[in-house]
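Undergrad: The structure follows.
Every read-out reported here was derived from the displayed coordinates using simple, explicitly stated rules and does not represent laboratory data. As the structure is a computational prediction, the values presented were derived from the model and not from experiment. Because the Cβ atoms are built from the backbone with ideal geometry, glycine has one as well, and the counts that use them run over all protein chains shown.
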Amino acid sequence: MCLILNIHSYSQYYETGQEPSNIKWYSYQTENFTIIHQQDFTNNAILIGNLLEQAINKYPDIKIKRRLKVVIHSSSISSNGIVAWAPARMELYPIFEPSASGNHPFEELAKHELRHVVQLRRVNKGMTRFLSFIFGEHIIGGILGLYIPMWFLEGDAVVEETNGTVSGRGTNADFTVQTRAMLLNNKMYSFNKMSMGSYKDNLPDAYEFGYTLLSYTDNYKQSELRDYPIVNSGKNPYAITPFNKGIKKSTGLSKRKYYNKVFNELQKNLKAEQNTKTFESYNSLNQRKKNHNNNYINPFTYNNNLYCLKTGQTSTNQIIKIDNNKKEKCILKIGYENSNRIYSNNQFITWSEIKYDVRWTNRQYSIIKIYNLKTNSIIKLKGNTRYFSPAITNDGNKICVVEYTTTNNVVLKIIDVKTNKTIKEKNFGNYANINHPSWNKDASKLYFILVENNAKYICSYNLENDSLTYHFGGVNKGIEYPVVYDENKIIYSAINKGIRNIYLFSLDNKKHYKLTNTMYGATLPFVYADTLYFSKFNYYGYDLAKIYIDRTQLEEVVFESNIEIRDSKSESLLNMYDTIPINKIKRYRKGTHLFNVHSWAPFYYDLDKYTANPGLTLISQDVLSTTISKLYYEYNSEKNYNKAGFNIEYKGFFPVIGFDSYLLNKNISNTKRYNLYYNSAYFSIPLFFKSRNSNFNIGISSRIEDYRYKNLITKNTKEKFYASSNRIFFKHSIDKTQNDIDSKFMQYLDINYKLSAFNIYSYKFDENVFAIKTLFNFPGIFNHDILKLRFEYQKNKFDDIYYFSNIISIPKGVADFFDENMATYSIMYATPLLYPDISIGSIAYIKRIILNPYFENINYGKGLKHNIYSYGANLTTETHLFRTIFPFEIGVRINKVYNENFYTSYFIFNIMIQ
């Protein structure tokens, strides 16, 4: 769940991607929203619309004059939402999550994203509102992105969903466990570090940090703290620090002093509470390296060996084996595991993994993979499925999955692994959810967490008589991950007294027993014989631990259980499914909504070239992100020309197609004046594949250009120029960790061919250029170092008057030049020197310092006998300026060309947008 600001890339505004072109869209209108959805999602779309109306009724001061468009992407398998401004819309990715809270996910989603809408409406006041008439919607997102930090935006939204639901994230001890561990370990950091992150320390993310600051209400009015900084930033963007002044007016303190007060008092309260409790210490089964903030989770055993999933700040997802000396061995690297659990049974382990559509970003799948530890073989269930939370039987013949259909129905399925056929299924509709099923020993029953009516239950499903039994629940205690200990005992994870631990539930006497007593939390239990393996939390992440279950020394605990209320479902939520008359739901045709002018400027600007001139710019993008267009006029006094044109790109077909056109009027002198009529058409096919931890990008593109000159003095119209550009590229890379500078293994191949035909006056010429570019990444000496090798070749056909610009790279410091044959190679080594995490007042916060020594060479001429080379180094910092959301690359380059007797220095300044 997030808010997208106006961060531009290649002259486009933010787009989330597209659905397949054959999808039919429908829409209906509420008082404040236009809900755009797919046909089979109609009932759920009605619920979402009603939830949004319910949420906005809390804000009588918010007036939406034009209905806000809400696009529902039901072909996705990731639960998320965004609010983007320019164009203004809300985009929702609604699906039940495998480890959900007790709330209905649509309820949390609606309240969270609606709060982002409120934030944007609140900032659109005073001077910002005046500027929006001049610049359109992008000025609103720009002001928000410039002044309001991400921790405030997301923390505010989490406060809203927590206050407005039964079991929002803020009520979950897991959500704030990093803050607790940090403070109880006396890890107090600067405000800048907490708000902008670190590569070396484990910090709360923007959601947790912001929620902690904004939910602290002692002596402060929370509503003023959440509203006034945004309102003041919108009204007074010309002030140097309007957000800071808003914090000070609502709290009486600067934001740094407010942060210190909140976290000092929170630390004091946590330590006082800690002194009243006793905890047990558990030895770690893994060896944690210094400054490696990784998680060791999902422990399981096979043949007396310990295995787990390792992931985190310095590690990609991988199954590892840990020996008795705590040495690790990677067994298998996997992709993005999306059920928050790897299930193991005997020699088999299974998990769900995201599969991305090769072309359509907003269509994904969740597939099931099975790994055999005995044979070291991996298989996957066939088909483009939407399966989650798999659990495999002891013999490996059957597997249970939870399917989330595109209509959001939750279906429990039993599948034959060999035939891929469904043996049995039970449909739970679209109101309940199932988390993490687990088999009993003879595979006759499944135990799982059932989520319904804002509560969780431990349930069992008997496959033989098709019966569902509720064993415990009715309140939300964060119960998760049930596993069968024996036929009458279930081990599970739950939150009690603010800490997650492992518990045992007896089906015979209905009593609960506490198995672990950790300071910060224990989860993901695995039982072998009478040994319980689990993941325990500490400041650096999750570690593995184990205990022996002594049946004679079990500590009984009392949990409230309200199973009897399970049939009295939330009437208020169910009523929101009320049917809207069919004539209110209409087809939403993409063809009639292609143009949506959202932003403009009383001047011309080109974000790719960082230029601005007198003129006019109009920007359009439809809310489905299929059509992006621009209409503009430019007057350039320096080069003495007028230029008017437009461009349009359509991404709704499998190939992306586009068209550019402009008229340029240029005065060279009193005797030389001409018009240039330019038209071009192009297509591209961007493809993406992912297999486990490998990523594959393939692209094919072609552009045809037509230039027609008209001499306004001689009236000659015979001057023409045609050009064609063609490209195909391939890229393979493995997943990178958070701390990696780039992918450690990468291969890139880029083939370009351009050709042209001239007919200017009586001069005719055919030109072409062919180029091959390659790039290879390899691991360096230390963990996050990268060695980059680049090889490029270019063959030109040109004369001294007309020629294409170079496609290949020229060594740094060498003036651009042309030759019929050119070949380059370069070697670069990138190594992070330091992670200083230091602030220079409020001006800059430096997170990382990187050194890049390099050597670059170009050969040219007949037989490539001549060469020029240069060498040097870049010393750069990753720096947040003025506490901006995105960092900047700032540094210096020292370069020397082979035949020069001096070194040249250059200043480096780039925006680092991922």
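Undergrad: Hey, what's the Cα Rg ratio for segment 404-468 versus the globular rule of thumb, 2.2 N^0.38 Å?
TA: Segment 404-468 yields a ratio of 1.14.
Undergrad: Right, another one. Rank by packing, highest mean first: peptides 414-422, 157-165, 63-71, with packing defined as the count of other Cβ atoms within 10 Å averaged across residues.
TA: 157-165, 63-71, 414-422
Undergrad: Multiply the residue separation of residue 683 and residue 529 by 0.36 nm, subtract the distance between their alpha-carbon atoms, and state the gained length in nm to one decimal.
TA: 49.3 nm
Undergrad: Let me have the 222 nm mean residue ellipticity of the chain computed from DSSP H runs of 4+ only, each contributing -39500 (n - 2.57), with the sum over all residues rounded to the nearest 500.
TA: Dividing the helical sum by the residues of the chain leaves -4500 deg cm²/dmol.
Undergrad: Whole Å is fine, so just give me how far the alpha carbon centre of segment 589-603 lies from that of segment 478-505.
TA: So the separation of the two Cα centres works out to 54 Å.
Undergrad: Quote the FRET efficiency, to the nearest 0.05, computed for residue 654 versus residue 290 with a Förster distance R0 of 56 Å and r equal to the Cβ-Cβ distance.
TA: After rounding, the FRET efficiency stands at 0.70.
Undergrad: Which one of 696, 119, 844 is farthest out on the positive end of the charge dipole of the chain, using unit charges on Cβ (Lys, Arg +1; Asp, Glu -1) and the Cα centre as origin?
TA: 844
Undergrad: Find how much the distance from residue 906 to residue 281 grows on full extension, using 0.36 nm per residue of separation minus their present alpha carbon separation; answer in nm with one decimal.
TA: The span from residue 906 to residue 281 would gain 219.5 nm if fully extended.
Undergrad: Can you tell me the FRET efficiency between residue 427 and residue 187 if r is taken as the Cβ-Cβ distance and R0 is 60 Å, rounded to the nearest 0.05?
TA: 0.80
Undergrad: Express in whole angstrom the spacing between the alpha-carbon centres of segment 331-362 and segment 794-853.
TA: Value for the Cα centre distance between the two parts: 38 Å.
Undergrad: Over what distance in Å are the Cα centres of segment 114-178 and segment 7-81 separated?
TA: 17 Å
Undergrad: Related question: Counting C-alpha atoms alone, how compact is the chain: give Rg to one decimal and Dmax as a whole number, in angstrom.
TA: Gyration radius and largest Cα-Cα distance of the chain: 30.4, 105 Å.
Undergrad: Further question on the same structure: Roughly how many nanometres apart are two label points built 7 Å out from the Cα toward the Cβ at residue 774 and residue 462?
TA: Result for the modelled spin labels: 6.6 nm.
Undergrad: Based on the Cβ-Cβ distance of residue 39 and residue 840, what FRET efficiency does E = 1/(1 + (r/R0)^6) give at R0 = 60 Å, to the nearest 0.05?
TA: 0.60
Undergrad: Using a 7 Å offset from Cα along Cα-Cβ at residue 53, what residues in segment 69-100 end up with backbone N under 16 Å from the label point?
TA: Those under the cut-off are 69-70.
Undergrad: Pop out the ³J(HN,Hα) list for segment 857-867 in order, Karplus 6.51 cos²θ - 1.76 cosθ + 1.60 with θ = phi - 60°, rounded to Hz; leave Gly and Pro as x.
TA: Working through the residues one at a time gives 9, 10, 9, 8, x, 4, x, 6, 7, 9, 8 Hz.
Undergrad: At 0.36 nm per residue, minus the direct Cα-Cα distance, what do residue 329 and residue 708 gain on full extension? Give it in nm, one decimal, please.
TA: 130.0 nm
Undergrad: When Rg is the radius of gyration of the Cα atoms in segment 826-914 and Rh is its Kirkwood radius, what does Rg/Rh come to?
TA: Here Rg/Rh amounts to 1.13.
Undergrad: Roughly what % of Cα-Cα distances in segment 614-808 sit above 26 Å, to the whole percent?
TA: Every Cα pair in segment 614-808 considered, those over 26 Å come to 54 percent.
Undergrad: Give me the Kirkwood hydrodynamic radius of segment 171-318, using the inverse of the mean 1/r over all pairs of distinct Cα atoms, in Å to one decimal.
TA: One decimal place: 18.2 Å for the Kirkwood radius.
Undergrad: Measuring from label point to label point, each 7 Å out along Cα→Cβ, what is the residue 667 to residue 548 span in nm?
TA: Distance between label points: 9.7 nm.
Undergrad: Run the simple label-point estimate for residue 635 and residue 486 please: 7 Å along Cα→C-beta, distance reported in nm.
TA: If labels sit at residue 635 and residue 486, their model points lie 9.1 nm apart.
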